[in-house]
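For reference, the structure discussed in these notes is given below.
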Amino acid sequence: MTMPPPPPRRSLSTLMVVLIVACTLLICAGVTAGGVAAWITLRPVRTGAAVPPPSPGSAAAGDCVWNPGDAGESTLRPTTPKTVERRKMTATIVTNLGTITIELYGDKAPCSVAALRSLADQHFYDNVACHRVTTPADGLVVLQCGDPSGKGTGGPGYQYAEENLPVGQANPYPRGTLALARTATPGTNGSQFFIVGADAQLSADYSVVGTVTRGMDIVDQVVAGGHSATSEKPNVTVTMTKVTVS
């Protein structure tokens with residue numbers, strides 16, 4: 001990734017004016033520094049503009065905002081979704097270890113499910129290995145997939161806002177949950193997702209898009225195998241050979 005050129009120099013007087021205006025806006029907006037949020041980032045932080053959240057109840061294609069995003073080291077460039085449907089769907093992930101079936105909440109997270117469906121239809125996930133696993137010893141049990149580069153930084157080249165966040169729930173991410181991975185910056189959802197292997201007390205920042213209905217034994221097998229001492233790459237390789245959404 002190339003570095004952007006340095007910004008042009010500004011005079012001291014110009015900078016003072018900008019600083020005064022910025023401080024005035026902050027005061028008027030009532031912004032206060034209440035502390036630093038504790039983010040659990042499921043992908044390394046990437047640059048990219050945040051996406052404003054969609055209006056509640058939105059389901060039309062025009063209500064889903066697909067902003068340009070960093071594709072990382074992925075060489076695939078799928079198109080953005082063309083259709084959005086507000087209905088539950090079924091995702092079938094065929095892997096080298098067996099089949100995982102997931103109920104997708106297209107009724108609650110229509111834009112997110114539309115993105116997963118579009119990527120599956122374009123064979124984005126075909127022959128892609130899940131690149132990350134964490135175990136009880138790590139304090140979080142998840143299997144993360146969806147990056148064709150296998151580096152954990154790849155994506156489809158576009159990003160979109162969060163949906164169906166489990167705010168206020170005592171058990172926000174129970175075992176079997178399918179949620180979208182993102183950076184610490186809101187609106188950076190892409191192609192990566194994670195399956196929760198054990199109830200997880202994550203902050204409610206990750207879109208809940210479905211629940212595994214069959215195949216958790218595959219997740220358990222990969223979790224039991226652990227990961228290498230130097231990375232979170234699974235010792236038991238699990239590769240998605242085919243993904244369909246209907």
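General remarks:
- Once the 1.4 Å probe is applied to the protein heavy atoms, segment 89-246 comes out at 34 Å² accessible per residue.
- Protection proxy ranking, peptides 162-175, 96-109, average beta carbon neighbours within 10 Å, highest first: 96-109, 162-175
- Length gained on full extension, Asn127 to Lys233, computed as 0.36 nm times the residue gap minus the Cα-Cα distance: 36.5 nm.
- Segment 88-230, accessible surface, carbon-and-sulfur percent (1.4 angstrom probe): 50
- Additional length obtainable on full extension of the chain from Ser246 to Arg86, 0.36 nm per residue less Cα span: 56.4 nm
- Over segment 80-165, Cα pairs under 8 Å with separation of 6+ residues give a relative contact order of 22 percent.
- Long-range amide H partners of Gly210 with built H, under 5 Å: Tyr105, Leu178
The values are calculated or read from the model by the stated rules, or taken from the named source; none is laboratory data. Since the model is a prediction, treat every value here as computed from it, not as a measurement. Cβ atoms come from the backbone with ideal geometry, glycine included; neighbour counts cover every protein chain shown. Note: areas computed on protein heavy atoms with side chains; ligands, DNA, RNA excluded. Shrake-Rupley method; radii C 1.70, N 1.55, O 1.52, S 1.80 Å.
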